[in-house]
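First up is the structure itself, then whatever we jot down about it.
The values are calculated or read from the model by the stated rules, or taken from the named source; none is laboratory data. Just so we're clear, the structure is a prediction, and the values are computed from it rather than from any experiment. We place every Cβ from the backbone using ideal geometry, glycine too, and count neighbours over all the protein chains shown. Only protein heavy atoms, including side chains, enter the accessible area calculation; ligands, DNA and RNA are left aside. Shrake-Rupley method; radii C 1.70, N 1.55, O 1.52, S 1.80 Å.
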Amino acid sequence: MTGSDDSTEPNAEESAVETARRQLERAAAHLDVDEGTVERLRYPKDVYRVTIPVERDDGTTEMFTGYRAHHDSVRGPFKGGLRYHPDVTEDECVGLSMWMTWKCAVMDLPFGGAKGGVVVNPKELSQNEKERLTRRFAEELRPVIGPMKDIPAPDMGTDPQTMAWFMDAYSMQEGQTEPGVVTGKPPVVGGSHGREGAPGRSVGIITREAIDFYGWDIEETTVAVQGFGSVGANAARYLDDRGASVVAVSDVDGAIYDPDGFDTNDVEDHDETPGMVSSYDAPESLTNDELLELDVDVLIPAAIGNVLTGGNARDIQADMIVEGANGPTTSTADQIFEEREIPVIPDILANAGGVTVSYFEWLQDINRRSWRLERVHEELETEMLRAWDAVREEYESRDVTWRDATYIVALSRIAEAHDSRGLWP
Ligand code: NAD
């Protein structure tokens, strides 16, 4: 998967909506927020369900179900990914749209939260079928999306090509090219440079800041990264370039370990050559479970959700966890880490570089002016540091976890916007 704003995995122990509501309530308990606002934020503004007829290559017609959930738009247009996956449900889209509201707010982006998808296994579709599905889905959603209304992005099972078709279908019907209707497009049709590497880069930036916060020397810091894909490899290389010692990385087939640290540019990532990590000539091979339990300074789970659970949280030896993947820590594991005083820097802050560069892409599209890669990197650094500082201030001034501090920042911004706009009519 590449270029998503976010592709949050629901927590194994609770649904995405339950997680989003629990985190809302935890943050609200620390703030003097109007109860009516909290109540409003427990629900989506709208959820659209569409039926998508698609002609298969054999000439038959098949019907697919698609969703788009809009959670809250008090701070700006809705923003969030579109996933193609057999397990997509309305409830999941609602929960993930709420997570997007918090993520955009913590980054102070002028967006609200959305999420959508189609119940389909994209691997069972030909490229032509995928294109027809995407174009018809775009048409079905056309009344409720748009550069100033709701801006989708890629997520699980969708990619820059999907976004290019989506943008083309929308533009054809609008009678003008509208690159700002989606982000995560190929740069040749208005995509941003640096979009693909942005989530991993932001994980690297936030890890660097957290290392500094705890007074560690980055040159003495050991890091283990689960999942050497888009997020994991970019984060690992960012930290390696700044002197950290990346001692373990993994892919779906297993992990490799070198106590002296790898040259992360020498190990090819999952996209470059799937399976290359586990076949790399390393001093030691480990399982993915063993990687998670290594005695390192920083553990970055950057593969899939729900890998840190009640089952292994007591065996984790890392001194700090930075969430590269979405939802890698279940709520039980989170409680155990809190008891054990292991800081967990949450996903909605650490990997938010993706939606942040999506925002840059949207700015470039509506201004019809593309940015150089250097400018994207500079502005991403600025935005990540601004978000980090806001979260750090809450963390330092209250007796809360990093996750709570992050949600407190998000909720206070959203609540303030609701207060100032009021309830219509
Ligand atoms: P990717 O497909 O590029 O890489 C995933 C990596 O994890 C691969 O190395 C793969 O082999 C490995 N992996 C897959 N299943 C595994 C398993 N069961 N155990 C161990 N390793 C496994 O994916 P990505 O884009 O890097 O996304 C990784 C995580 O980050 C996901 O949770 C995703 O939701 C999240 N995320 C991605 C983006 C983005 O824009 N790419 C943005 C925000 C969050």
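Against the list (1) at pLDDT below 95; (2) more than 16 Å from the ligand (Cβ to nearest atom), the condition ALA16 fails is (2). With respect to the stated conditions, TRP102 is crowded, with 17+ Cβ neighbours inside 10 Å and under 30 Å from ALA417 (Cα atoms).
Within region 171-209, the set of residues being surrounded by fewer than 20 Cβ atoms within 10 Å (Cβ to Cβ) and either touching a Cys at 6+ places or on another chain (Cβ under 9 Å) or small (Gly, Ala, Ser) (or both) comprises SER171, GLY175. Residue selection: MET100 fails the criterion of being out of contact with any Phe, Trp or Tyr (no Cβ under 9 Å at 6 or more places or on another chain) and in a helix (DSSP H, G or I). Annotation for region 399-415: at least one member residue is outside the structural domain of GLU209 (by the TED database) and open to solvent by 90 Å² or more (accessible area, probe 1.4 Å). Scanning region 332-374 for residues that are open to solvent by 10 Å² or more (accessible area, probe 1.4 Å) and closer than 18 Å to ARG75 by Cβ gives TYR359, TRP362, LEU363, ILE366.
The set of residues in region 122-160 that are in a strand (DSSP E or B) and over 20 Å from the mean Cα position of the chain (by Cα) contains only GLY146. Does region 165-175 contain any residue that is within 16 Å of the ligand (Cβ to nearest atom) and either farther than 20 Å from ASP269 by Cβ or not assigned by the TED database to the domain that holds ASP57 (or both)? No, region 165-175 contains no residue that is within 16 Å of the ligand (Cβ to nearest atom) and either farther than 20 Å from ASP269 by Cβ or not assigned by the TED database to the domain that holds ASP57 (or both).
Between LYS149, LYS115, LYS123, the distinction of being within 16 Å of the ligand (Cβ to nearest atom) and surrounded by fewer than 19 Cβ atoms within 10 Å (Cβ to Cβ) belongs to LYS123 only.
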